[in-house]
Every structure is written in C-alpha cells, then in structure tokens.
C-alpha cells in the first residue's frame with residue numbers, strides 16, 4: 001500500500017493549501033470541486049506512476065458526461081504536477097502533450113433589442129449592473145468587489161482578480177450616469193462597495209445568480225432567448241471592436257490573440273443583398 005504522504009492525493013492537498021488560496025475566489029472554489037473528483041481517481045497513486053495514458057483515459061471517461069469539466073480538471077492536475085516538479089517530487093508532468101476534449105465555443109451575441117428587453121423587465125439594481133457591465137466589460141466578480149474608494153475624480157481604478165490587469169476607466173457621460181445610478185441604490189450609510197446589499201456587503205455569486213435567473217425566466221416567458229450575465233462581457237468586447245475601439249485594453253487581456261479568441265464567434269459580417 002502506498003503511504004498517504006507519497007500519493008497524488010497528498011500533492012493535491014498540498015496544492016490546495018499552498019497554491020489555490022492565492023487565486024481568485026471563484027477559481028479557488030472551482031479548484032476545490034475539481035480536486036475532489038481528481039482525488040477519487042488519482043488520489044491513491046504514486047505521483048511517479050501516473051502516465052499520459054492515465055490522463056487520456058480520464059479525459060475519455062469523464063468526457064462522456066462532461067467534456068468541458070474534464071478539461072478543466074485536467075488543467076488543474078497539470079498545474080499540480082508542475083508544482084510537484086518545483087517541489088522535487090517528480091521529474092515530468094504526465095499531463096503535458098495529452099490532447100484535451102474538443103470544446104465548442106459559446107457564440108451567443110446579445111442584440112441591442114435583447115439587452116433593452118431584459119433591462120425593461122429587471123429591477124433598477126439589475127438594470128444598473130447590466131449597464132455598468134456593458135460599459136466596462138468587467139467580470140461579475142470584479143464588479144461586485146469594486147469599492148467606493150476606487151471611484152475617484154480621475155476615473156475608476158480596477159485590478160482584475162483573474163488576470164491581475166490594472167486598469168483605469170476614464171470618465172464618460174454614460175459611465176458617470178451609471179455610477180450615479182449605482183450610488184443612488186438603497187445602501188447603508190457606511191456601505192463600502194459601489195454595488196452592495198442593504199447590509200453593506202458585496203453580493204455573493206449565488207445571491208446575484210438567483211436574481212439574474214428570475215429575470216431570465218421572465219424574459220423566456222415572453223419568448224426571448226435566455227443569456228448569461230457573462231454574455232454581456234462578450235457583447236461589450238464585440239461592440240468595442242466594431243466601433244474601432246481597443247477591445248484588448250477593455251478586456252484586460254495580455255495579448256490580442258486572447259481577445260480575438262473571445263469575440264471571433266460573435267462577429268457578424270454585414271452582407272448587402274443582390275438587389
């Protein structure tokens with residue numbers, strides 16, 4: 001029997017203690033869930049016994065029900081083994097070179113009419129968050145983590161949780177209007193966040209998701225096609241590119257390729273009819 005301290009399970013546990021907590025809260029939560037599944041399959045094995053064929057078999061079996069989640073779990077295991085190389089436990093990463101499951105990129109583009117239609121059904125809070133998300137293309141976590149002291153006379157200062165990108169959103173008439181609406185929402189006097197609950201705390205992911213889903217249900221009941229809150233970011237980046245603006249800077253991506261990959265499926269070519 002392999003000693004517990006010499007197993008992949010022990011490596012994963014060390015990773016969750018030393019590495020994962022430094023990630024964004026949402027990423028950390030995902031890692032914890034992914035680690036549980038990986039531990040069930042690989043936890044009892046010696047790290048040096050794990051071969052590329054084992055990774056490929058995991059992707060195949062797990063991929064029958066959840067191909068995308070299998071890819072994310074494989075990515076986590078790969079990072080665990082990369083750290084194990086730094087820790088001197090293994091000499092190579094068995095995940096390297098193993099092809100991931102094919103993924104179909106999401107290509108949902110929200111039209112202006114759809115955006116306006118959902119806003120008309122939403123509360124002032126949801127409508128204001130939607131407008132703020134569209135103008136800034138910020139992720140949900142960065143929006144709800146935004147403190148009032150980051151809103152200054154020079155602009156809105158943001159450090160993206162996922163990428164670490166530091167950005168200053170310069171003031172425009174539209175952005176000032178949306179921020180004024182956000183500040184006018186019900187809030188305790190000592191609320192520290194631009195968007196906060198009545199107790200002054202930032203909205204949790206689950207709490208906002210519940211409100212968002214209720215609006216989407218109403219929208220679907222009227223015949224609309226549902227979309228995710230994250231699709232607003234895609235719309236913002238796609239529209240920015242169409243307007244000739246710097247979509248990469250807006251996204252906070254480190255390379256043009258990342259931005260192009262993000263929006264390419266949402267572009268529409270305008271074609272003139274024959275007559």
*Which of the residues belonging to region 83-127 are surrounded by fewer than 15 Cβ atoms within 10 Å (Cβ to Cβ), more than 22 Å from the chain's Cα centre (by Cα) and more than 30 Å from residue 178 (Cα to Cα)?*
85, 86, 87, 88, 91, 92, 96, 97, 99
*Which pairs have Cβ atoms under 7 Å, sit 6 or more apart or on different chains, and link a residue in region 95-120 that is at positive phi to one that is surrounded by 10 or more Cβ atoms within 10 Å (Cβ to Cβ)?*
97/52
*Is it true that some residue in region 165-173 is touching a helix residue (DSSP H, G or I) at 6+ places or on another chain (Cβ under 9 Å), touching a residue at least 60 places away in the same chain (Cβ under 8 Å) and assigned by TED's automatic domain parsing to the domain that holds residue 247?*
yes
_Number of the exception - residue 185 against (1) at pLDDT 90 or above; (2) closer than 19 Å to residue 124 by Cβ; (3) surrounded by 13 or more Cβ atoms within 10 Å (Cβ to Cβ); (4) within 21 Å of the chain's Cα centre (by Cα)_ = (4)
_Of residues in region 191-203 being over 15 Å from residue 127 (Cα atoms) and either touching a residue at least 60 places away in the same chain (Cβ under 8 Å) or in contact with a strand residue (DSSP E or B) (Cβ under 6 Å, 6 or more places away or on another chain) (or both), the one surrounded by the fewest Cβ atoms within 10 Å (Cβ to Cβ)_ = 192
*asked:* Cβ-Cβ distance below 8 Å, separation of 6 or more or different chains: which pairs start in region 44-60 with a residue that is free of Cβ contacts under 8 Å to residues at least 24 places away in the same chain and end on one that is crowded, with 16+ Cβ neighbours inside 10 Å?
replied: 58/41; 58/42; 58/70; 58/73; 58/74
*Kindly list, by first and then second residue, each pair from a residue in region 244-264 that is over 13 Å from residue 136 (Cα atoms) to a residue that is outside any helix (DSSP H, G or I) and at pLDDT 75 or above, limited to pairs with Cβ atoms under 6 Å and residues at least 6 apart or on different chains.*
259/253
*Look at region 1-60 and say how many of its residues are over 25 Å from the mean Cα position of the chain (by Cα), farther than 16 Å from residue 73 by Cβ and not in a helix (DSSP H, G or I).*
7
*For region 212-228, state whether one or more residues are closer than 22 Å to residue 105 by Cα, surrounded by 15 or more Cβ atoms within 10 Å (Cβ to Cβ), within 17 Å of the chain's Cα centre (by Cα) and assigned by TED's automatic domain parsing to the domain that holds residue 142.*
yes
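The values are calculated or read from the model by the stated rules, or taken from the named source; none is laboratory data. Model, not experiment: these values are computed from the prediction. Please note: Cβ atoms are built from the backbone with ideal geometry, for glycine as well, and neighbour counts cover all protein chains shown.
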